[in-house]
Amino acid sequence: MTTTQSDLARYFEYTLLKPDATAADVDNVCLDAVRLGVKSVCVNPVHIKLANWLLKGKEPIPVCTVGFPTGATLGSIKAAEAAEVVRLGACEINMVMNLTAFKAGDDRAVVQDIQGVITAAGVPVKVIVEASLLDAAQLPQVCSLAQEAGARAVISSSGYGGQTTRVSQIRKLRKACDCSIEVIAAGGISGFKRAMSMVEAGADRICSSSVSAIFGNIPQEVE
């Protein structure tokens, strides 16, 4: 495992996705993200233009959600949303997959939904799969569909509805995904030890709204 704060910071995507977030909140998170040296900052569409401006010329990249938080949005609307947020500065997209289609066994619709966003965005697309709403046998299947569609990564959870990602889910996702696709842990990750357990289980990145608190509690030996 890495041993310096700067190395550890590159695992993190700082998220600000609460529905009542203000411009001042975005400013604070972006300042924190730059100070800590994290990989990226993820906001909702209403804040992507501001986040892009605040991060211009800085190390963290601006990331934006699409179809968030339920994924129950028409594919054409997701694609249009993706194109617009990229125009406003998003360098990556975090989209919620079509869980309705997946649960109905309509794999074709799931793949088309993801591909529509990828085509419209023209930037890397990461797919939120809501692992806590799936059983263990379904996790490899969502990985397969995301890979087939051309996604850059699968994200374990949106964090909505009290969903908390488990280490076992990250292990299963990592085992199911080949090296062409990243596995990102998200959902209820608020402590340093918990975050590092996700990395040890195979997570390539951690999405968290508690990055500042996590880095405020790093053990002295890795500072």
Long-range neighbours under 8 Å by Cβ, at least six apart or interchain, first residue aliphatic (A, V, I, L, M) within region 16-30, second assigned to a helix (DSSP H, G or I) and crowded, with 20+ Cβ neighbours inside 10 Å: Leu16/Val26; Leu16/Val29; Leu16/His47; Ala21/His47; Ala23/His47; Val26/His47; Val26/Ala51; Val26/Leu54
Test result for Ala51, more than 18 Å from Val199 (Cβ to Cβ), surrounded by 13 or more Cβ atoms within 10 Å (Cβ to Cβ) and at pLDDT 95 or above: yes
Selection count where residues are crowded, with 20+ Cβ neighbours inside 10 Å and in contact with a strand residue (DSSP E or B) (Cβ under 7 Å, 6 or more places away or on another chain), scope region 116-141: 8
Among the candidates Arg171, Arg108, Arg194, residue that is of a type in the set (D, E, K, R) and either surrounded by 19 or more Cβ atoms within 10 Å (Cβ to Cβ) or closer than 30 Å to Lys58 by Cα (or both): Arg194
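Do we find that Asn98 is over 25 Å from Phe192 (Cβ atoms), of a type in the set (S, T, N, Q) and over 14 Å from the mean Cα position of the chain (by Cα) in this structure? Let's see the steps before the verdict.
Numbers: over 25 Å from Phe192 (Cβ atoms): yes; of a type in the set (S, T, N, Q): yes; over 14 Å from the mean Cα position of the chain (by Cα): yes.
Yes; evaluated as a whole, the condition is true for this residue.
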Check on Thr65, of a type in the set (Val, Ile, Thr) and surrounded by 16 or more Cβ atoms within 10 Å (Cβ to Cβ): yes
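Could you grab me the full set of residues in region 58-82 that are touching a residue at least 24 places away in the same chain (Cβ under 8 Å) and of a type in the set (Val, Ile, Thr)? If you could, list the steps in order and put the result at the bottom.
The initial filter retains those residues of region 58-82 that are touching a residue at least 24 places away in the same chain (Cβ under 8 Å), namely 58-72, 75-76, 78-82.
Within region 58-82, Ile61, Val63, Thr65, Val66, Thr70 qualify.
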Tally of residues being buried (at least 19 other Cβ atoms within 10 Å of the Cβ), acidic (Asp, Glu) and out of contact with any Cys (no Cβ under 6 Å at 6 or more places or on another chain) across region 13-35: 0
Within region 83-107, tally of residues that are free of Cβ contacts under 8 Å to residues at least 40 places away in the same chain and of a type outside the set (S, T, N, Q): 13
Some residue of region 75-82 being touching a strand residue (DSSP E or B) at 6+ places or on another chain (Cβ under 6 Å) and farther than 27 Å from Gly116 by Cα: no
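The values are calculated or read from the model by the stated rules, or taken from the named source; none is laboratory data. Keep in mind that this is a model prediction, so the values were computed, not measured. Glycine gets a Cβ as well: all are built from the backbone with ideal geometry, and neighbour counts include every protein chain shown.
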